[in-house]
1. Go through 151, 119 for me and flag whichever is within 25 Å of residue 220 (Cβ to Cβ) and open to solvent by less than 20 Å² (accessible area, probe 1.4 Å).
2. Identify, please: which residue in the range 177-226 is open to solvent by less than 10 Å² (accessible area, probe 1.4 Å) and of a type in the set (Val, Ile, Thr) and is, among those, modelled with the lowest pLDDT?
3. Only one residue in 108, 115 is in a strand (DSSP E or B), over 30 Å from residue 293 (Cα atoms) and of a type outside the set (Gly, Ala, Ser), so which one is that?
4. Which count do you get for residues in the range 122-135 that are open to solvent by less than 10 Å² (accessible area, probe 1.4 Å) and closer than 16 Å to residue 231 by Cα?
5. Answer yes or no: is there a residue in the range 92-102 that is within 20 Å of residue 218 (Cα to Cα) and either touching a strand residue (DSSP E or B) at 6+ places or on another chain (Cβ under 7 Å) or touching a residue at least 24 places away in the same chain (Cβ under 8 Å) (or both).
6. Residue 41: open to solvent by 20 Å² or more (accessible area, probe 1.4 Å), assigned to a loop (DSSP other than H, G, I, E, B) and of a type outside the set (Val, Ile, Thr), yes or no?
7. Please tell me if residue 79 is in a helix (DSSP H, G or I) and either free of Cβ contacts under 8 Å to residues at least 12 places away in the same chain or crowded, with 19+ Cβ neighbours inside 10 Å (or both).
8. Residue 41 - would you say it is farther than 22 Å from residue 208 by Cβ and small (Gly, Ala, Ser)?
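The values are calculated or read from the model by the stated rules, or taken from the named source; none is laboratory data. What you see is a predicted model; the values in this text were computed from it and never measured. Backbone-built Cβ (ideal geometry, glycine too); neighbour counts: all protein chains shown. For accessibility, only protein heavy atoms count, side chains too; no ligands or nucleic acids. Shrake-Rupley method; radii C 1.70, N 1.55, O 1.52, S 1.80 Å.
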Amino acid sequence: LFVFAWTDRWHRGGHDILDWDFGLTTRGREPKQALHAVRDAFAWTPQIPASPAPRISVVICTYNGAATLRDCLEGVLTLHYPDYEVIVVSDGSTDGSAELARAYEGVRVIETPSRGLAAARNTGMEAATGEIIAYIDDDATPDPDWLTHVAKTFASGEYVAVGGPNVLPPASGAVAQCVANAPGGPTHVLVSDCDAEHIPGCNMAIRKDALERIGGFDPQFRAAGDDVDVCWRLLDSGDRIAFSPGAVVLHHRRRSVRAYLRQQRGYGRAEALLERKHPEKYSAAGHVDWAGRLYGNG
């Protein structure tokens, strides 16, 4: 949805613009039909199908993520969805993340030794009571209708997983904005408007039975790469992954160059593990032969 201007009255470069009528009101501020159409569009929210809404388990895996976990939890706990639970898996955190999460009513907290991201996600899978598990990172905040978009997309076809965009929060600093535009960020890979080849783990919902069928996440991936591995294994087993453009989360990027480079080193180690496990996915030059198109700012 693109809204160009509130009114047809434009003034640019010292001149009135008289031949560009893209506003929602006339130059005299009288409403146009476009105003009513835009009002209806903004008032629309996705509707869950008439059948009972599927129960969803929201799983947040954290390792010393107290700095952003509060915003994540407050966003998750105010979702517009009738049947969901919240599980926080603290993977050996020492910064009070588990205590912070316990302060929120209705949040189930599981503490484990530090075993890595994939193992933490498996712990969340095992504890989940929902038929769908929605994973979100501890530095991300969901749109209020996140789960509704996820549920509606699952109901639209034979999908076992659904992902959506992860975008930079509007108030992010200059370094975070640069990092968001740099290569190597979490991005989706689409083969069509609806079907995905990869969805990032910071915004990934999977049917629990499908995840259990492929053995969950591979624990060798301690910091990254586990989401790519799961997507490839699901697709190799004949399953379909969907992309839901409305299932948005605001996702913080690294706020310093040092933190960004440290993250990229971790991604590089994960890439090496992926190439050893899925050599057929890589070219002779060592690059992934994606069938779809990568979407991102970089």
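1. Result of the check over 151, 119: 119.
2. 189
3. None of the others qualify; the one that does is 108.
4. 4
5. Restricting attention to the range 92-102, the residues satisfying the condition of being within 20 Å of residue 218 (Cα to Cα) are 92.
Imposing the further condition that a residue be either touching a strand residue (DSSP E or B) at 6+ places or on another chain (Cβ under 7 Å) or touching a residue at least 24 places away in the same chain (Cβ under 8 Å) (or both) reduces the set to 92.
Among the residues of the range 92-102, at least one is within 20 Å of residue 218 (Cα to Cα) and either touching a strand residue (DSSP E or B) at 6+ places or on another chain (Cβ under 7 Å) or touching a residue at least 24 places away in the same chain (Cβ under 8 Å) (or both), which makes the answer yes.
6. Against the criterion (open to solvent by 20 Å² or more (accessible area, probe 1.4 Å), assigned to a loop (DSSP other than H, G, I, E, B) and of a type outside the set (Val, Ile, Thr)), residue 41 does not qualify.
7. no
8. The answer is yes for residue 41.
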